[in-house]
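The values are calculated or read from the model by the stated rules, or taken from the named source; none is laboratory data. Bear in mind the structure is a predicted one, so any value in this text is a computation, not a measurement. Cβ placement follows ideal geometry from the backbone for every residue including glycine, while neighbour counts extend to all protein chains displayed. Protein only, heavy atoms only, side chains kept; ligands, DNA and RNA dropped before computing areas. Shrake-Rupley method; radii C 1.70, N 1.55, O 1.52, S 1.80 Å.
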Amino acid sequence: MRMPEIIRKKQLNKELSPEEIRFFVNGYTHDEIPDYQAAALTMAIWFNGMSTEEIGELTLAMAESGDTVDLSSIKGIKVDKHSSGGVADTTTIAVGPLVAACGGRMAKMSGRGLAHSGGTLDKLESIPGFSVNQDMQRFSEIVNTCGVSIIGQTANLVPADKKLYALRDVTATVDSMPLIAASIMSKKLAAGGDKILLDVKWGSGAFMHELEKAEKLARIMVDIGKHAGKETRAMVTDMNQPLGNAVGNALEVMEAIEILRGDAEGDLKDLIMELSAQILIMGAVHENRDEALKALEQAVSSGAAVERLKQMISLHGGNPAVCDDFSLLPQARKTESITAESAGYITAMQTDDIGTASVMIGAGREKKSDSIDPAVGLWLRKRLGDRVETGDVLADFYVNDTADLKEAADLFKKAVRIDSTRPEEKPLIVRTLS
């Protein structure tokens, strides 16, 4: 096979064979195909798309390009969960212990935050002593002991995706639907879960700003799961405002703990409960949503859910006492309140800008080499649809370094629109695909 012929075939909008796709993935992974030829192919894919079969074969080839995780030593059905990113999405930290407290299993590999989107590993590392770096034997032991473990990806998991993502980033092909779907699902297939639950975001804080595109991405990824012989479900959910109130690593851990203790309500808790219910059903722990939700509520009210989080923290080397005493988590030195400059209703939030504001004060990273201050971030005091008066606190900023505070606060203010008419309420969960 010759790479120029494969490029030309896709330029002419013809379907690539499984052999041609694997030739490309294997060759590019092993540096046998240069960047300029890979860039030409990804650009042709960006223009012409791929069929369901092509995307499925691309995903499988990428998943098999490096290590694959064997979770067979973990008892029960392992349901992997993935969120397509967003702001204040702390679901994994609460879903895992909740599912485990109800008899389910979650063996999850997570990532770090980049740009406006927070990363689960960064949040967990704000817990003193918590180590996300566990070998596979220890990973399995933790899940078999307490039902849940969250770790970082192994170094050689899906190397094809690492190379392709870096290439897409500099060739303006990041937003190619087939390449997005293959990137996400290749990591999920390589991670070894028995079944996959996807949380596909849409809105101003999501990668997909339009609902139609988010639904299309969800359908493609469910079809990839079918192609790979792995049961996959996708929930399409709203990210037109931060999912939770806390934006920032230690702050988000606090909010997750509050939910597990039964001390917090709102969109974040609602989605945590729905995701957990789906996992319990897929994991054959409960037959239907009503049964699953009843068990989840009992796990919260009895204290079993937060106790399971404490066990996971302890088994990862962390201090479980943070669940009872938030002062043990990193604390910011200064709090700055951002107030409303007019009266009315909050009608819109530019959620990615709110996430960027938190990055500017040190809660996230703009590039992979940036360091994170786990103590800083912001806590929303008002949400979409809320009535505010002039001078009402919209959010509290928790900061250590104030150098960029004014710029971050100004960006936050511009991101929150206040008008005279209350906005129409949108559903948190648009639909579930399977």
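Checked against a 27 Å cut-off, the cross-linked pairs Lys294/Lys426; Lys78/Lys226; Lys382/Lys406; Lys163/Lys269; Lys9/Lys201 give Cα-Cα distances beyond that limit for Lys163/Lys269; Lys9/Lys201. Compute the Cα gyration tensor for the stretch 283-434, then decide on rounded, prolate or oblate, letting a ≥ b ≥ c be the square roots of its eigenvalues: rounded whenever a/c is under 1.5, prolate when a/b is larger than b/c in the other cases, and oblate in all that remain. It is oblate, given that a/c is not under 1.5 and a/b is not larger than b/c.
Taking other residues whose beta carbon is less than 11 angstrom from the beta carbon of Met1, and scoring Lys, Arg as +1 and Asp, Glu as -1, yields 0. Going by accessible surface with a 1.4 Å probe and the largest first, Met349, Met360 read Met360, Met349. Toward the positive end of the charge dipole of the chain, with +1 on the Cβ of Lys and Arg and -1 on the Cβ of Asp and Glu, the farthest Cα among Trp202, Leu189, His30 is that of His30. Computed from Cα positions, the angle between helix 159-170 and the longest principal axis of the chain comes to roughly 70 degrees.
Computed from Cα positions, the angle between helix 249-261 and the longest principal axis of the chain comes to roughly 70 degrees.
The angle separating the long axis of helix 351-360 from the principal Cα axis of greatest extent in the chain is about 80 degrees.
Quick check: net charge around Lys406, other residues with Cβ under 14 Å of its Cβ, Lys/Arg +1 and Asp/Glu -1? My count for the surroundings of Lys406 gives -2. Fully extending the segment from Phe326 to Asp270 would add 17.9 nm, taking 0.36 nm per residue of separation and subtracting the current Cα-Cα distance.
For the stretch 356-409, the set of GluC sites (Glu not before Pro) satisfying both a DSSP loop assignment and a count of at most 14 other C-beta atoms within 10 Å is given as Glu366, Glu389.
Counting charges near Gly104 (Lys, Arg +1; Asp, Glu -1) among other residues having Cβ under 14 Å from its Cβ returns a value of +3. Think of the stretch 1-149 as having a plus end and a minus end, set by charges on the Cβ of Lys, Arg, Asp and Glu; of Thr59, Leu41, Ala94, Ala94 sits farthest toward the positive end of this dipole. Taking each pair of distinct Cα atoms in the stretch 57-128 once, what is the resulting Kirkwood hydrodynamic radius in Å? Hydrodynamic radius (Kirkwood, Cα pairs) of the stretch 57-128 is 14.3 Å.
When +1 charges are put on Lys and Arg Cβ atoms and -1 charges on Asp and Glu Cβ atoms, the dipole computed for the stretch 353-434 relative to its Cα centre reaches about 360 debye.
Taking square-rooted eigenvalues a ≥ b ≥ c of the alpha carbon gyration tensor, is the stretch 377-434 rounded, prolate or oblate, where a/c under 1.5 means rounded and, failing that, a/b exceeding b/c means prolate? Oblate, since a/c reaches 1.5 and b/c is not below a/b.
At full extension, Asp419 and Asp135 could sit 97.0 nm farther apart than now, given 0.36 nm per residue minus the alpha carbon distance.
Seen through its C-alpha gyration tensor, with square-root eigenvalues sorted a ≥ b ≥ c, the stretch 321-378 comes out oblate because a/c lies at 1.5 or above while a/b is not bigger than b/c. Taking the Cα centre of the stretch 1-53 as reference, the dipole from Cβ charges on Lys and Arg (+1) and Asp and Glu (-1) amounts to some 220 debye. The magnitude of the dipole of the chain, with charges of +1 and -1 set on the Cβ of Lys/Arg and Asp/Glu and taken from the Cα centre, is near 580 debye. Among the protein heavy atoms of the stretch 365-434, carbon and sulfur supply 44% of the accessible surface, probe 1.4 Å, non-protein parts ignored. Since only Thr347, Val388, Leu315 are under comparison, the one whose Cα sits farthest along the positive direction of the charge dipole of the stretch 277-434, derived from C-beta charges on Lys, Arg, Asp and Glu, is Leu315. Of the trypsin sites (Lys or Arg not before Pro) found in the stretch 331-377, those in coil by DSSP whose Cβ has at most 14 other Cβ atoms within 10 Å are Arg333, Lys367, Lys368. Within the chain, antiparallel bridges make up roughly 55 percent of the DSSP beta bridges whose residues both belong there. From helices alone, the chain scores -13500 deg cm²/dmol at 222 nm; the rule is -39500 (n - 2.57) for each run of n ≥ 4 DSSP H residues, then divide by the residue total. Residues Cys146, Cys102, ordered by accessible area of protein heavy atoms at a 1.4 angstrom probe radius and largest first, appear as Cys102, Cys146.
A DSSP coil position with no more than 14 other Cβ atoms inside 10 Å describes the following trypsin sites (Lys or Arg not before Pro) in the stretch 55-85: Lys75.
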